Every structure is written in C-alpha cells, then in structure tokens.
Amino acid sequence: MDKNIKLEVRNVTKVFGKNPHKVISLLNEGLSKSEIFEKTKQTVGLNNVNFEVYDGEIFVIMGLSGSGKSTLLRCLNRLIEPTAGEILIDGQNITQMSAEELRNTRRTKLGMVFQNFALLPHRTVLDNVAYGLEIQGIPKEDRYFKALAAIETVGLKGYENSKITQLSGGMKQRVGLARAIANDPDILLMDEAFSALDPLIRTDMQNELLALEDRMQKTIIFVSHDLDEALKLGDRIALMKDGKVVQIGTPDEILTEPANSYVSRFVAGVDRSKILTAESVMRRPEPFVSVSSGIRVAIKLMKAHGISSIYVVEGKNRRLRGILMISDALKALKAGKSLEDAMIQEPPQVAPDLPLSDVIPLIAESQYPLAVVNDSGKLLGIMVRGTVLGALAMSGQNGHATAFEEKDPEEKTSEEKSLEEKKFAGEKFEENPPEKTDPISKSKGEAEGKAGNEARFPPESSGIPDISGGINNDGIDTGSASTEAAAKAPLISDTGPGSEVKIC
C-alpha cells in the first residue's frame with residue numbers, strides 16, 4: 001500500500017454547548033467527559049483526536065454508540081464544525097477554508113454515503129446518481145455518461161430508469177454508493193452505510209465494497225459499530241471511546257495486541273480464525289534449497305537442521321518449485337537421480353491473505369506442510385499444524401486452545417498430537433499412524449532425541465552426507481536395512497519446543 005498521507009487529523013476537539021472554550025480548559029485539566037457534562041451540561045463529542053489516513057486504504061472508525069465516531073466523520077467534511085484542531089486533505093487545512101473553497105473540496109475530493117440512503121424518491125436511479133454532477137452545472141449528456149458508468153460499477157445496470165421506491169434496501173444503498181463515486185472523489189466517507197441492511201445483503205455489500213476498492217483504489221473512511229465488519233473491511237482500525245481514539249492498528253494488531261482492558265473486552269469472543277491470515281502466523285521458510293544445488297546439498301541441509309523435508313526454490317526470488325522428502329532424497333542418491341526428479345512438484349500452497357478458517361481444513365488433510373506463496377510464486381513462509389494451533393492459543397482462542405491446557409505438549413506423543421489436531425479440524429476419522437508432518441516426541445530427554453537423530457543422520461564421511469549409515473561416497477548402498485528404516489521414519493516437524501510462532 002502507498003504510504004502517502006491523504007488525510008490528517010491533528011488535535012481535533014468538538015464540544016456541543018454554549019461555552020466550548022471553557023470545556024476545552026476543563027479537558028486540559030484532565031476532567032472526563034461525564035465529569036464535564038455534570039459540571040457544565042455540555043457534551044464532549046471529540047477529545048484531542050489525532051490520526052493519519054493513507055492514500056488507497058480503508059480506514060475504519062468504530063466504537064459503541066456515543067463514542068464519537070459519526071461526529072468525527074462529519075468533522076472531516078465540516079458538516080460538523082470542529083471546535084479546535086486541524087484537518088488536512090492533501091496538505092490543505094479545510095478548517096481554514098472559505099465557504100466557496102469548502103464547496104469545491106467537497107465536490108471534487110469528498111464523497112459521502114449515508115446510513116439512511118438520503119435519496120430523492122421522486123427521481124429515477126439515473127437522476128439520483130447524477131444529482132451531484134447536476135448541481136455542479138455539468139451538462140446533461142456528460143453527467144449521464146458518468147452516472148451510467150457509476151451505476152454499472154455498483155452492479156445496477158438495467159435499473160437506470162427505475163424509481164427509488166421500487167428498489168430493495170441493498171439496491172438503494174448501491175444507488176447511494178454510485179452517487180458518491182460518480183464525482184470520482186479521492187476520499188469516500190461512509191457513515192454506517194450497511195448497518196440498516198439485512199445480514200445477507202450486508203455481507204454482499206461488504207464484498208462489493210472490497211471489490212470496488214480493489215478496482216478503483218479509493219481512500220475510504222468507514223464508520224461502523226460492528227467489530228466483525230470493521231475487521232473484514234479495514235486495512236487499519238481506529239477504536240473510539242468517549243470521544244477519544246484509544247487504539248489504532250491493523251485487525252491483527254487490534255486482536256493480538258489490545259492497548260488496554262477496554263479494547264480487550266471489545267474484541268473478546270471474536271473468531272480469530274476468520275481474522276488471522278496465513279501470512280500472520282507463517283514461519284520463515286529457512287532452510288530451503290535451490291533446484292540447482294543437487295541432492296547432496298539438500299540432504300546435508302536437512303541433516304544440519306534436523307528436518308525431514310525441505311522446500312526447493314529457483315532463482316533469487318525464491319520461486320517455489322517443490323518439496324523434497326528425506327526418503328525420496330535417499331532413494332534418488334542411491335539411484336543417481338537429480339534433485340528435480342526426486343522432489344514433489346506443486347506441493348500444497350496457500351495465499352498469504354487466506355484466513356486461518358480456510359487454512360485449517362487444508363492443513364488437516366495434507367500430509368505435507370503448507371507453503372505460503374505470493375502471486376508471483378515466491379515462497380514467503382511455511383505453515384504446519386503446530387503454528388496454527390499455537391497462533392490461536394496465543395491470541396486467546398479458548399475454544400481451540402484446550403489441547404494446550406489439558407496436557408503439557410512436551411509430554412504428548414506424536415499420536416496424541418495428531419488426534420487432537422484432527423479433532424480441532426472437526427474431522428471424523430479413524431486412528432492412523434502419525435502422518436509425515438507429525439512432530440517427533442522429545443519428552444524422553446535429550447539423550448533419546450540425540451539417538452533418534454543419529455538413526456536418521458549418522459556422521460558424514462569425506463564431506464558427503466552418509467545419511468543411512470550405509471551409503472558411501474560412491475552412492476552405493478551398503479546397508480539396505482538401515483536405509484529403508486530411515487526412509488520410513490516419520491518426518492521431523494518444525495513445531496517442536498522453542499519454535500517461533502510469528503504473530504503480526
């Protein structure tokens with residue numbers, strides 16, 4: 001996202017009453033909103049609000065009723081005059097603009113969508129959408145051309161000549177949105193635009209807004225009292241209480257790093273699996289091996305890091321080519337095959353923005369880790385079951401953290417972990433031997449762990465990894481039994497004790 005600042009709010013305060021400057025002095029003395037109302041019968045709408053909105057982002061202002069969110073939005077276009085402070089749009093302070101300058105700014109840079117639609121019932125859809133252009137004096141042909149394009153953008157093509165009274169609530173809100181974007185404003189202000197709609201229509205409109213933002217790259221400031229809506233729409237969220245902004249952050253930051261107990265209570269009960277994404281919990285992909293490096297390098301890396309699979313990439317951009325298992329690497333070394341022949345091509349992979357709720361069933365069904373890959377095919381990170389469970393547990397998802405509370409993970413066998421992970425995924429299944437990605441139990445102490453590693457990775461000789469104890473420098477099998485045992489050994493997972501879970 002472009003970090004160019006589109007709108008900036010500096011020390012904005014709004015007082016509703018006859019003597020606002022007296023209230024500001026009381027605020028400076030540290031009195032609360034309720035104390036000031038008791039003392040002066042004046043209401044503090046906003047109290048020293050500061051934030052920046054970046055070009056092209058969806059910035060959500062949310063809070064409970066009376067928190068000041070709608071007052072703040074209306075101050076941004078001076079439908080409500082701030083008592084103190086500055087509001088800058090592209091560096092211009094609108095609080096100091098003349099009436100004519102303010103009108104021009106509203107017409108060219110700001111569009112607004114209201115909760116109650118604010119449409120003209122005696123006009124058609126086309127004339128409602130073109131209304132803002134009409135009052136600017138734009139010729140009929142030109143304004144209809146722009147209005148028709150806006151109507152098509154919001155999915156109402158074919159309804160141009162319908163009356164507003166003939167439309168459903170969702171369609172009316174689309175008309176309001178089309179009217180706002182017909183002017184091609186830089187910033188869209190949306191005041192609880194979807195809160196009056198039925199749940200299904202509301203979801204459709206949220207999806208439509210995200211699609212619209214993807215196509216048009218507008219800066220959107222969206223007011224909502226619905227946390228789920230804010231988490232779904234917002235690139236960043238400002239959470240308000242009593243006219244103050246108590247925290248600004250990404251959805252992940254609001255959920256995982258609440259600024260105080262109020263924010264913690266506000267986000268309690270949120271299904272974090274729908275908010276946290278693959279990118280927010282993935283682990284670094286190291287080690288990985290270049291497809292041109294060869295089998296021996298791949299085996300040596302797996303030995304050095306105590307793992308039994310490794311991702312294969314190509315080029316400096318780490319374009320994912322496949323995943324190599326230790327068993328396949330040993331067979332390829334014995335047969336004289338290349339790394340490319342031995343690797344599993346097109347391993348399971350997910351996009352970085354995929355919610356954990358969608359990742360869970362994929363990782364439950366896969367016998368391999370999940371690769372997190374961007375649109376250009378670059379390997380960004382990896383996900384194993386432990387990272388998902390750990391992320392949900394660390395962020396307070398009590399319903400998914402019971403496995404961590406019932407028994408110390410260090411004391412569990414790989415079979416127990418596999419059963420719990422599949423139970424967490426909601427699957428009906430029969431007990432099977434541990435899958436290849438199941439963690440190897442380390443609860444029997446370092447000595448046994450060391451012995452287990454030696455069984456898979458005996459000492460090297462002459463710089464060539466002698467993985468099975470029976471492969472010499474010429475790649476000739478001198479101990480097929482031990483090689484087969486190593487090939488059948490369960491994979492070592494990256495989810496052992498001390499592994500890092502990345503929470504953004």
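The values are calculated or read from the model by the stated rules, or taken from the named source; none is laboratory data. Since the structure is predicted, the reported quantities are computational estimates derived from the model, not experimental observations. As a convention, Cβ positions derive from the backbone with ideal geometry for all residues, glycine included, and neighbour counts pool all protein chains shown. Side chains are part of the model used for accessible areas, which takes the heavy atoms of the whole protein and leaves out ligands, DNA and RNA. Shrake-Rupley method; radii C 1.70, N 1.55, O 1.52, S 1.80 Å.
Each row is one residue, and each column tells you yes or no for (1) touching a residue at least 24 places away in the same chain (Cβ under 8 Å); (2) of a type in the set (Val, Ile, Thr).
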site	(1), (2)
Ile275	yes, yes
Ala278	yes, no
Gly336	yes, no
Asp341	no, no
Gln349	yes, no
Leu362	no, no
Q) Which residue pairs have Cβ atoms under 6 Å apart, sit 6 or more places apart or on different chains, and have a first residue in segment 172-197 that is modelled with pLDDT under 85 and a second that is among the β-branched types (Val, Ile, Thr)? A) Ala193/Val113
(Q) Which of the numbered conditions does Asp228 fail, given that it passes all the others? Conditions: (1) among the acidic types (Asp, Glu); (2) surrounded by fewer than 17 Cβ atoms within 10 Å (Cβ to Cβ); (3) at positive phi. (A) (3)
Q: Please give the number of the condition Asn93 fails out of (1) in contact with an Asp or Glu (Cβ under 6 Å, 6 or more places away or on another chain); (2) within 25 Å of Ser195 (Cα to Cα).
A: (2)
Q | Condition met for Arg272 (under 32 Å from the mean Cα position of the chain (by Cα) and at pLDDT below 85) | A | yes
Q) What is the number of the single condition among (1) of a type in the set (D, E, K, R); (2) open to solvent by 10 Å² or more (accessible area, probe 1.4 Å); (3) under 18 Å from Thr219 (Cβ atoms) that Glu35 does not meet? A) (3)
**Q.** Candidates Leu72, Leu26 - the one that is in contact with a helix residue (DSSP H, G or I) (Cβ under 6 Å, 6 or more places away or on another chain) and of a type outside the set (Val, Ile, Thr)
**A.** Leu26
(Q) Name the residue that is most open to solvent (accessible area, probe 1.4 Å), counting only residues in segment 96-117 that are under 29 Å from Ala196 (Cα atoms) and polar (S, T, N, Q). (A) Asn116
Q. So which residues in segment 198-211 are of a type in the set (A, V, I, L, M, F, W, C) and at pLDDT 85 or above?
A. Leu209, Leu210, Ala211
Q) Only one of (1) under 24 Å from Gly68 (Cα atoms); (2) open to solvent by 10 Å² or more (accessible area, probe 1.4 Å) fails for Met216. Which number is that? A) (1)
Q | Hey, Ala371 surrounded by fewer than 16 Cβ atoms within 10 Å (Cβ to Cβ), modelled with pLDDT of 85 or more and under 20 Å from the mean Cα position of the chain (by Cα) or not | A | no
Q) What number of residues within segment 72-86 satisfy the criterion of being more than 14 Å from Met112 (Cβ to Cβ) and crowded, with 22+ Cβ neighbours inside 10 Å? A) 1
Q.
Quick check on Ile151: is it in a helix (DSSP H, G or I) and open to solvent by less than 50 Å² (accessible area, probe 1.4 Å)?
A. yes
Q: Just one of (1) open to solvent by less than 40 Å² (accessible area, probe 1.4 Å); (2) part of a helix (DSSP H, G or I) trips up Phe194, so point out which.
A: (2)
Q. Given the conditions (1) over 30 Å from Ile36 (Cβ atoms); (2) open to solvent by less than 40 Å² (accessible area, probe 1.4 Å); (3) at pLDDT 85 or above, which single one is not true for Gly169?
A. (3)
